Every structure is written in C-alpha cells, then in structure tokens.
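See below for the structure under consideration.
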Amino acid sequence: MSTATPIAIAVQTEDFSVDESLARLRKAAPGAGAEVLFLGRVRDQAGVVKSLTLEHYPGMTEASMRRVCEAAAARWPLQAIEAIHRVGALAAGDQIVLVAVASAHRHAAFDGARYIMDAFKSEVVFWKLEDRGDEAVWIEAAVSDHQALAGWSTAE
C-alpha cells in the first residue's frame, strides 16, 4: 500500500460540492497531471424510482471504503483519493457518490477511479430501499457489479 497517498473518506447525509471536492484533491496532489472524477446520481429509471433510502453501519462502512481506496493506491501510482457517499433519503436525480482520483498520468487515474467504484458497488455495505410509488424494494448489488469487480483480478 502506498502510505504516501492521501485518502479522504466521508459518509454523510448532506449533499456535497463537486467543486470543493476537486479543490481538496488538487490541494492534496498539486503536481498531478490527471484527475478523474466519477459522480453518481440516483437513477430515475423512467419515473419508476421515486426515492432511494440508504442505510449503513457507521464505522464499518467508512473502514470498508478506506480498504478499497488503499487497495487502489497499492495497485496504481495514485497521488490522492477522495470518496464521498451519501446516506439517508435521496430523491431521483440527487447526487449519491463521488470518487475523485489524482495521478501523474491518465491511465492510472481512470483505472483507479473505475476500480474504486466497482469495489464500492460490491464490497461496501449499504442497505438500499427503493421507493417505487406502489411498493418499496430492498436492492442488492447486481451480478454485473460483481463481474466488473472480478474483472480486476485478471486485469493487468
């Protein structure tokens, strides 16, 4: 693991600012030549999803997010990582997750960010309840999420 890689993790109910996150990333990695930022939103799913409520286990969730980010920092030459995940009740279209990665070069930044999101979807424990108007459904990681993460074990 690269102990020199600054990693900032947050799980919060309040919305976050992409601009502020990018400013923190740039401060943590002022010499980076590449920055990749992934922003996830609650999908509308053609009007079917009214809201999404996320629950987590405080302490455990942040620790698992940190382990994922540390694994990325050990695998790629990343200069800084910031990851924010929201919990609570979120409406369709709301920001839900942000992963920002800085590196000297684009390939490491892209791969690091993609790996972190793939691992977050499969390994970080969040309980998600979709309100579909006429019913509420607990959802789990999709098979495709697990397949995406498994692909990293064979990727160079």
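Could you please find all residues in the range 126-156 being more than 21 Å from residue 45 (Cβ to Cβ), assigned to a loop (DSSP other than H, G, I, E, B) and modelled with pLDDT of 80 or more? 152, 153, listed by residue number. Within the range 61-108, the residues that satisfy the criterion of being farther than 22 Å from residue 14 by Cβ, in contact with a Phe, Trp or Tyr (Cβ under 9 Å, 6 or more places away or on another chain) and buried (at least 16 other Cβ atoms within 10 Å of the Cβ) are 68, 71, 72, 75, 76, 101, 103, 108. When the range 129-156 is filtered for residues that are buried (at least 16 other Cβ atoms within 10 Å of the Cβ) and either touching a Lys or Arg at 6+ places or on another chain (Cβ under 7 Å) or not hydrophobic (A, V, I, L, M, F, W, C) (or both), the ones remaining, listed by number, are 130, 131, 141, 145. The condition (being outside any strand (DSSP E or B), under 20 Å from residue 25 (Cβ atoms), under 18 Å from the mean Cα position of the chain (by Cα) and at pLDDT 95 or above) is satisfied by just one residue among 109, 83, 100: 109. Residues that are in a helix (DSSP H, G or I), at pLDDT 95 or above, closer than 20 Å to residue 125 by Cβ and not small (Gly, Ala, Ser): does the range 69-79 have at least one? Yes, some residue in the range 69-79 is in a helix (DSSP H, G or I), at pLDDT 95 or above, closer than 20 Å to residue 125 by Cβ and not small (Gly, Ala, Ser). I'd like to check something: does the range 119-128 contain any residue that is free of Cβ contacts under 8 Å to residues at least 12 places away in the same chain, exposed (fewer than 15 other Cβ atoms within 10 Å of the Cβ) and either closer than 21 Å to residue 72 by Cα or not polar (S, T, N, Q) (or both)? No, the conditions are met nowhere in the range 119-128.
The values are calculated or read from the model by the stated rules, or taken from the named source; none is laboratory data. Owing to the predicted nature of the structure, the values given are computational and were not obtained by experimental measurement. Cβ coordinates were reconstructed from backbone atoms using ideal geometry, including for glycine residues, and neighbour counts include every protein chain displayed.
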